[in-house]
Amino acid sequence: QAHLVESGGGLVLAGGSLRLSCAASGSPLRNNAVGWHRQAPGKQRDWVATIFSTGSTDYADSVKGRFTISREDFKNTVYLQMNSLKPNDTAVYYCNARLDGYDTWGQGTQVTVSS
C-alpha cells in the first residue's frame with residue numbers, strides 16, 4: 001500500500017527557514033494533487049498549500065509569499081520551503097494525497113518557531 005513520509009521539521013528562530021519533505025512510496029506523486037496541512041495544538045487542521053499534477057500551485061493567504069511548494073518527480077517527493085517563519089507557524093505539518101484511490105496522510109513533522 002502506498003504511503004507518505006514527512007521529514008524536515010525542527011526548531012527554528014522567528015525569521016528563519018525550513019524545508020519540509022514529503023516522500024511517497026508505492027505510487028507516483030506526479031499523477032496527483034499533493035497538499036500540505038498543519039495543525040497547531042488545540043486547533044483544527046488547516047490547509048497550507050497544494051501542488052497539482054500540472055505543476056500549478058495554490059497557497060493559503062497566511063503563507064502566500066513566504067512558503068513555496070514544489071515537486072521533484074525522480075525522487076517522488078514534494079517539498080515545502082518555508083521562509084520568514086513566524087511563531088504562529090508552529091504546528092505539526094502533514095502532507096496528503098490521493099494514492100491508489102485512497103486518501104493518504106503522512107505521520108506529520110513538528111515545526112516549532114520561537115520568538
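Note on the stretch 25-35: among residues that are at pLDDT 95 or above and part of a strand (DSSP E or B), the one that is surrounded by the fewest Cβ atoms within 10 Å (Cβ to Cβ) is GLY35.
Find the residue count for the stretch 36-83, including only residues that are within 22 Å of SER7 (Cβ to Cβ), part of a loop (DSSP other than H, G, I, E, B) and either free of Cβ contacts under 8 Å to residues at least 60 places away in the same chain or under 13 Å from the mean Cα position of the chain (by Cα) (or both).
Applying the first criterion (within 22 Å of SER7 (Cβ to Cβ)) to the stretch 36-83 yields 36-41, 45-51, 57, 59-60, 63, 66-83.
Retained after the next criterion (residues that are part of a loop (DSSP other than H, G, I, E, B)): 40-41, 60, 63, 66, 76, 83.
Okay, now just the ones that are also either free of Cβ contacts under 8 Å to residues at least 60 places away in the same chain or under 13 Å from the mean Cα position of the chain (by Cα) (or both), so 40-41, 60, 63, 66, 76.
Number satisfying all stated conditions: 6.
When the stretch 84-115 is filtered for residues that are touching a residue at least 60 places away in the same chain (Cβ under 8 Å), at negative phi, of a type in the set (S, T, N, Q) and not in a strand (DSSP E or B), the ones remaining, listed by number, are GLN107, SER115.
So which of GLY42, GLY8 ends up being open to solvent by 60 Å² or more (accessible area, probe 1.4 Å) and closer than 19 Å to GLN110 by Cβ?
On the way: GLY8 fails: open to solvent by 60 Å² or more (accessible area, probe 1.4 Å).
Every option except GLY42 fails the conditions.
The values are calculated or read from the model by the stated rules, or taken from the named source; none is laboratory data. Because the structure is predicted, anything quoted here is derived from the model rather than measured. Because the Cβ atoms are built from the backbone with ideal geometry, glycine has one as well, and the counts that use them run over all protein chains shown. Calculation scope for accessible area: heavy atoms of the full protein, side chains included, ligands and nucleic acids excluded. Shrake-Rupley method; radii C 1.70, N 1.55, O 1.52, S 1.80 Å.
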